[in-house]
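A.B. asks: The structure under discussion is supplied below as structure tokens; questions concerning it will follow.
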Amino acid sequence: MDFDPVPYDLVGATTLWCLGLLIVSAITLVTLTITSILTVGATGPLRVLAEIRSCAGDWFGTSPRRLGALALLTIRESIRRKSLFVFVVFAVLFLFAGWFMRGLPNDSTFHVNVYVSFVLRTISWLTLVVMLLLACWGLPEDIKARSLHTVVTKPVRKNEVVLGRILGYAAVGGLVLLVMGVVGYFWILRQLPAQQRSRLVARVPVYGALTFLDREGSPAKEGVNTGDIWMFRSYIEGNTKARAMWDFQNIDPARLQTAGGGALRLESNFQVFRTYKGNIERGILCQFVFVNEARKIRAPVPAFEVQEFRENLHTIAPELTDEAGKPVNLFTDLIQDGNLKIEVRCLSGQQFLGVARPDLFIRLPDRTFAETYFKGVLGIGLMLFLVIVLGVVASSFLKGPIATILAVFVLIVGRMARPFLESMTAGEIQGVGALESLYKIPAHINPSVQLDPSAGVKITQAIDSAELNLLWAIKFLFPEFKYYDMAEYVAKGYDVPWSAAILPSLAITVGYALPWILLGHVCLKLRELESK
Amino acid sequence: MNTLTSLQRKAIYVGGIILLIIPVIFLGMPAAPAGSGNASGSAGGLLVRLRAANDLGESSLGKVDPASATMNLVLLGQRGLAACLLWMDWDEQQKTKNWGKLRSTTESIILLEPHFTKVWVHQGWNLAFNVSAEWDRVDDRYYWVKEGAKFLQNGVLLNERYPELYWYSGDFLGKKIGRSDEWKQFRHFFRDDPDKEHYPSGLDPRINPEGKDNYLVARGWFKQANDWLDNPRGKEQHVMAKILFRSYPTRALLDFASTLQREGIFEEVCRKAWEDAFQEWTTVYGAEKYESDAGLVHLEVSREEEADLTKAEKDISDVRKKISFWVGRYQDMTNYRYWRTRALAEGEQNTVEAHRELYTGERAYLQGNFTEAKQLLVSGMTKYEKMVNDYPPLADDDETIEEGLMGQLNWRACLLLDQEPVPETYPLKKMWTEKQSHMQRVEDDFKRRRRNASR
């Protein structure tokens, strides 16, 4: 795996969400109260309270029947607006896909990777564009054509209009997604040569925690940087005391034994860096040592040659021999209290072995490709739902084009700029704040140069720090869309994990959709429909 | 005020469209070849004829790829933007070593830029030289070298008039296969592909359909490059000076002969290869005429011409002086005299024997047969000395010196192991005493070879 699937911290995220919602609600309430006093007078707060009560009343009085009718209306309208024409584009793309995917390497892993990525990305982009446009233009068009007037004259609540729209578009989007997903699945099966279909699997990995020892054998934060521009892997030096150590926790020996047919199945994906050519017909040697620190047992297994960019599957028989030559059992002697420690060392002198946390894992029985594929489709579905909510909410207070721009902006920032914002606010990006830069750039002062701590500098840095904190808060306005992108798991032959992909996607969808729907309801309720 | 009805307006629009389309159809009517129902054929409309006459059509550059044409049409002028985005993706995929997607993105980029020859060269080079080096297994590396070469060959099909693409194809197959760190394995794989699943015969039909040596296949590409350089329909090349560019088919022959020696092949085939190279160097390449300020000159100077030019130096004839200057300059530029002498010397039986004995002497030393090694090495050194004396320009050639010094190092190591002193006089003594500046490098190579032999 070329990225680290870190489990999602649901408790932390929920706490932050509740806190954020509380603060935003408090600020809104205070602002509304002050504004109402200033504009209406002393009765202002009472009117605010009445509106809140009315909004709450809308939610308590929501009728599933009316919701269903509005959703049905939305579905009909979407079909009338030729949204299903997206299938034609989809069909054309798939008909000619072969033209644009020629020249693939012979290796079957590449075929699977490229085909699966193509299908999931195509589905994602096509549905996203169609549903975004539909969601952003639906309400404004209704208001413009005054067809919404007919609806609101009926005993329909505004929250039902918003929710009905969302449900209707979600149903259309869901249908389109399902059809495309199924067609895409069979397209992949048909397109792949028969002998490569066995590569369509969903590996279920169990990852451990990675720590390092340096060449002297002392604990180290990371390995050696060999100058690779991609900092994903860290390297350990061969034929020294340098080690990469994986600690697997909460593992069940009986389950592992069943999974591996009595043996332990490990998979590695290391890379090598040669400081000299050496014997190029032989790979760099690597060895696993199973360690039980409590019982002081160390059991090495035979070394193997690292094969880069390929599946390195290791089946470890339970009968091992420790360093003193005494027989030990992997499942009974080396796994203790559900913990297993594996040391990895490079045996080739002056050569380096590149490792990252997901590079070594215990492989549980594989799941079917269909399982992981449709989990990937579910990821697209959740993203689609959030985009629909965003579009409908934006269109409840903006006109079509502006609502579209807003939705696209949120989408782009959430998808592309959010990682940058994360690293900037986490202090991972070196440099100084905006005001300090404004001074340093024209003065040709290097960002690393410390300025004399004068009063002016202190004030500037305090303002910059405040800006950064503000940015930290602002970034939460944009959902982290990266979690919805599960194509990488599917394309690389892994099961889409619950904790690192599905759970965060669900949490983000619920976390953003709820306040956005409330906002949409309030905006539509306060909107003057006659003002087109 | 417009008094026309909607129907009338539409009728006028349609009429206008038809009116404009008629001349377009006539002017742009495609050419029809003679035969198949049209005995005389047709040259096509005016636009088509002008396009053909001025080589402005896409088909005049090479084959037209329908996928590429469709892609460019569908993008409605946003090709540049799409290409930029793809290049950004490509860059990220290269950084994160996502080779499958990188290969696919490379194809997509080239669909958008099918006649941008620098893109073909850059991407082909990236696959053959950069991506291949990222893999550890030597057969994987070879696979990516082939990918680069095949990619470039696709470029040749779409841009058949560009000599430089042919030249780069030859360069990849010659240089990358024949001179990289993995040259021994690559040259072997070139005639016996390790991917038996796809090439059970051991030959990749797109790279080496006839099972030839890589330098001979490269030579074929270099020759095609020269053919297009001579062809009036061919485009200019911007790789190097024309006189150097045109030397490559023969240089491939020289490289072929030289590599046979490196591989320890000293039979008739090697001598013949040098002889062929000499013939072509002097009678084909050397006879080609190149423009200079003194008019057309050629590199191979016959005895009569040489006498004439020597006389000219005493004379003050401007023209002959100029010719002498330009011939000398071009010969220096192409290292003509060195290759001429080398090929001539290597074509002799004495030289072949010298190389063979030095090579087999080293093998015998590495295998511990010191007595046999000493005999072979002394005999080889004697013949080698004769070659250097017969062809003095080779005395200052690095490759010649290093081979001579290596032979002596092996011989001295045998003497040391047999506890014999180095005699007062011995063959190649002059080289040993005068060329010590090369010793560090030769000694490093000597130690490396010993290390490899002991593994």
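The values are calculated or read from the model by the stated rules, or taken from the named source; none is laboratory data. Keep in mind it's a predicted model, so treat the numbers as computed, not measured. Cβ placement follows ideal geometry from the backbone for every residue including glycine, while neighbour counts extend to all protein chains displayed.
A.B. asks: Counting residues that are within 14 Å of chain B (Cβ to nearest Cβ), which strands (runs of 3 or more DSSP E) fully inside segment A:300-360 reach at least 2?
C.D. replies: Details: elements: A:312-316, A:319-321, A:327-329, A:340-346, A:351-355.
By residue number, A:351-355.
A.B. asks: Say whether the condition of being within 13 Å of another protein chain (Cβ to nearest Cβ) and assigned to a loop (DSSP other than H, G, I, E, B) is met by at least one residue in segment B:69-77.
C.D. replies: Yes, segment B:69-77 has at least one match.
A.B. asks: Another question about this same structure. Starting from residues that are β-branched (Val, Ile, Thr) and without any contact (Cβ under 8 Å) to a residue 60 or more places away in the chain, keep the ones in segment A:61-96 and report whichever is nearest to residue A:126 (Cα to Cα).
C.D. replies: First pass over segment A:61-96, keeping only residues β-branched (Val, Ile, Thr): A:62, A:74-75, A:79, A:86, A:88-89, A:92.
Filter again for without any contact (Cβ under 8 Å) to a residue 60 or more places away in the chain, leaving A:88-89, A:92.
On the way: A:88: 11, A:89: 8, A:92: 12 Å.
Among those residues, the one meeting the criterion is A:89.
A.B. asks: Take residue B:62 and decide whether it is buried (at least 17 other Cβ atoms within 10 Å of the Cβ), modelled with pLDDT under 90 and not in a helix (DSSP H, G or I). Working first, answer last.
C.D. replies: Details: buried (at least 17 other Cβ atoms within 10 Å of the Cβ): yes; modelled with pLDDT under 90: yes; not in a helix (DSSP H, G or I): yes.
Spelling it out, residue B:62 is indeed buried (at least 17 other Cβ atoms within 10 Å of the Cβ), modelled with pLDDT under 90 and not in a helix (DSSP H, G or I).
A.B. asks: Answer yes if at least one residue in segment A:332-347 is outside the structural domain of residue A:185 (by TED's automatic domain parsing), in contact with a Pro (Cβ under 6 Å, 6 or more places away or on another chain) and farther than 30 Å from residue A:491 by Cα, and no otherwise.
C.D. replies: Filtering segment A:332-347 down to residues outside the structural domain of residue A:185 (by TED's automatic domain parsing) leaves A:332-347.
Restricting the remaining residues to those that are in contact with a Pro (Cβ under 6 Å, 6 or more places away or on another chain) gives A:335.
Those left that are additionally farther than 30 Å from residue A:491 by Cα: A:335.
Scanning segment A:332-347 turns up at least one residue that is outside the structural domain of residue A:185 (by TED's automatic domain parsing), in contact with a Pro (Cβ under 6 Å, 6 or more places away or on another chain) and farther than 30 Å from residue A:491 by Cα.
A.B. asks: Moving on. Any residue in segment A:184-207 that is in a loop (DSSP other than H, G, I, E, B), closer than 30 Å to residue A:350 by Cα and in contact with a strand residue (DSSP E or B) (Cβ under 8 Å, 6 or more places away or on another chain)? Let's see the steps before the verdict.
C.D. replies: Of segment A:184-207, the ones in a loop (DSSP other than H, G, I, E, B) are A:192-193, A:200.
Now drop any that are not closer than 30 Å to residue A:350 by Cα, which leaves none.
No; the residues of segment A:184-207 include none that is in a loop (DSSP other than H, G, I, E, B), closer than 30 Å to residue A:350 by Cα and in contact with a strand residue (DSSP E or B) (Cβ under 8 Å, 6 or more places away or on another chain).
A.B. asks: Would you confirm whether or not segment B:369-388 contains a residue that is touching a residue at least 60 places away in the same chain (Cβ under 8 Å) and in a helix (DSSP H, G or I)?
C.D. replies: Going residue by residue through segment B:369-388, those that are touching a residue at least 60 places away in the same chain (Cβ under 8 Å) are none.
No, because not a single residue in segment B:369-388 is touching a residue at least 60 places away in the same chain (Cβ under 8 Å) and in a helix (DSSP H, G or I).
A.B. asks: Can you pull out every residue in segment B:411-433 that is part of a helix (DSSP H, G or I) and either exposed (fewer than 12 other Cβ atoms within 10 Å of the Cβ) or on the phi > 0 side of the Ramachandran plot (or both)?
C.D. replies: B:433
A.B. asks: Next up: Which residue pairs have Cβ atoms under 8 Å apart, sit 6 or more places apart or on different chains, and have a first residue in segment A:258-270 that is closer than 17 Å to residue A:346 by Cβ and a second that is crowded, with 21+ Cβ neighbours inside 10 Å and among the acidic types (Asp, Glu)?
C.D. replies: A:268/A:359; A:269/A:359; A:270/A:359
A.B. asks: Wholly within segment A:376-490, which helices (runs of 4 or more DSSP H) include no fewer than the required count, namely at least 2 residues that are over 31 Å from the mean Cα position of the chain (by Cα)?
C.D. replies: Working: elements: A:400-412, A:418-425, A:434-440, A:455-474.
It comes to A:434-440, A:455-474.
A.B. asks: Does residue B:352 satisfy the criteria of being β-branched (Val, Ile, Thr), closer than 16 Å to residue B:428 by Cα and outside any loop (DSSP other than H, G, I, E, B)? I'd like the intermediate steps shown before the answer.
C.D. replies: Numbers: β-branched (Val, Ile, Thr): yes; closer than 16 Å to residue B:428 by Cα: no; outside any loop (DSSP other than H, G, I, E, B): yes.
For residue B:352, the condition - β-branched (Val, Ile, Thr), closer than 16 Å to residue B:428 by Cα and outside any loop (DSSP other than H, G, I, E, B) - is not met.
A.B. asks: So how many residues does segment B:261-290 have that are surrounded by fewer than 22 Cβ atoms within 10 Å (Cβ to Cβ) and of a type in the set (A, V, I, L, M)?
C.D. replies: 4
A.B. asks: May I ask you to say which residue of A:116, A:89, A:112 is surrounded by fewer than 15 Cβ atoms within 10 Å (Cβ to Cβ), within 14 Å of chain B (Cβ to nearest Cβ), touching a helix residue (DSSP H, G or I) at 6+ places or on another chain (Cβ under 7 Å) and modelled with pLDDT of 75 or more? Steps first, please.
C.D. replies: Details: A:116 fails: surrounded by fewer than 15 Cβ atoms within 10 Å (Cβ to Cβ); A:112 fails: surrounded by fewer than 15 Cβ atoms within 10 Å (Cβ to Cβ).
Step by step, each of A:116, A:89, A:112 is checked, and only A:89 is surrounded by fewer than 15 Cβ atoms within 10 Å (Cβ to Cβ), within 14 Å of chain B (Cβ to nearest Cβ), touching a helix residue (DSSP H, G or I) at 6+ places or on another chain (Cβ under 7 Å) and modelled with pLDDT of 75 or more.
A.B. asks: Let me ask another. Please enumerate the residues belonging to segment B:125-173 that are farther than 30 Å from residue A:312 by Cα, in a helix (DSSP H, G or I) and away from chain A (no Cβ under 14 Å).
C.D. replies: Start the filter on segment B:125-173 by keeping residues that are farther than 30 Å from residue A:312 by Cα, which leaves B:152-173.
Add one more test, that the residue is in a helix (DSSP H, G or I), and what stays is B:152-158, B:163-173.
The answer is B:156, B:163, B:164, B:165, B:166, B:167, B:168, B:169, B:170, B:171, B:172, B:173.
A.B. asks: Every residue in segment B:157-179 that is more than 14 Å from the chain's Cα centre (by Cα) and surrounded by fewer than 23 Cβ atoms within 10 Å (Cβ to Cβ), please.
C.D. replies: Hits for segment B:157-179 are B:157, B:158, B:159, B:160, B:161.
A.B. asks: Tell me the residue from A:179, A:152, A:130, A:156 that is surrounded by fewer than 20 Cβ atoms within 10 Å (Cβ to Cβ), at pLDDT 85 or above and over 29 Å from residue B:103 (Cα atoms), please. Walk me through it before giving the result.
C.D. replies: Numbers: A:152 fails: at pLDDT 85 or above; A:130 fails: surrounded by fewer than 20 Cβ atoms within 10 Å (Cβ to Cβ); A:156 fails: at pLDDT 85 or above.
None of the others qualify; the one that does is A:179.
A.B. asks: Looking at segment B:185-194, can you tell me whether even one residue there is within 14 Å of another protein chain (Cβ to nearest Cβ), buried (at least 20 other Cβ atoms within 10 Å of the Cβ) and more than 22 Å from residue B:256 (Cβ to Cβ)?
C.D. replies: No, segment B:185-194 has no match at all.
A.B. asks: Only residues that are outside any loop (DSSP other than H, G, I, E, B), among the β-branched types (Val, Ile, Thr) and surrounded by 15 or more Cβ atoms within 10 Å (Cβ to Cβ): list them for segment A:244-288, please. Step through it out loud before you land on a result.
C.D. replies: Here is the first cut: in segment A:244-288, the ones outside any loop (DSSP other than H, G, I, E, B) are A:244-248, A:253-259, A:264-268, A:271-274, A:285-288.
Right, trim to among the β-branched types (Val, Ile, Thr) and you get A:258, A:272.
Answer for segment A:244-288, where residues must be outside any loop (DSSP other than H, G, I, E, B), among the β-branched types (Val, Ile, Thr) and surrounded by 15 or more Cβ atoms within 10 Å (Cβ to Cβ): just A:272.
A.B. asks: Is it true that some residue in segment A:219-233 is among the hydroxyl-bearing types (Ser, Thr, Tyr), surrounded by fewer than 18 Cβ atoms within 10 Å (Cβ to Cβ) and in a loop (DSSP other than H, G, I, E, B)?
C.D. replies: Initially, segment A:219-233 is screened for residues among the hydroxyl-bearing types (Ser, Thr, Tyr), giving A:226.
Next cut, surrounded by fewer than 18 Cβ atoms within 10 Å (Cβ to Cβ) only: A:226.
Filter again for in a loop (DSSP other than H, G, I, E, B), leaving A:226.
Taking every residue of segment A:219-233 in turn, at least one turns out to be among the hydroxyl-bearing types (Ser, Thr, Tyr), surrounded by fewer than 18 Cβ atoms within 10 Å (Cβ to Cβ) and in a loop (DSSP other than H, G, I, E, B).
A.B. asks: For residues that are without any contact (Cβ under 8 Å) to a residue 40 or more places away in the chain and among the acidic types (Asp, Glu), tally how many sit in segment A:455-502.
C.D. replies: 2
A.B. asks: Within segment B:80-120, how many residues turn out to be in contact with an Asp or Glu (Cβ under 8 Å, 6 or more places away or on another chain), more than 10 Å from chain A (Cβ to nearest Cβ) and either in contact (Cβ under 8 Å) with a residue 12 or more places away in the chain or not in a helix (DSSP H, G or I) (or both)?
C.D. replies: So the answer is 4.
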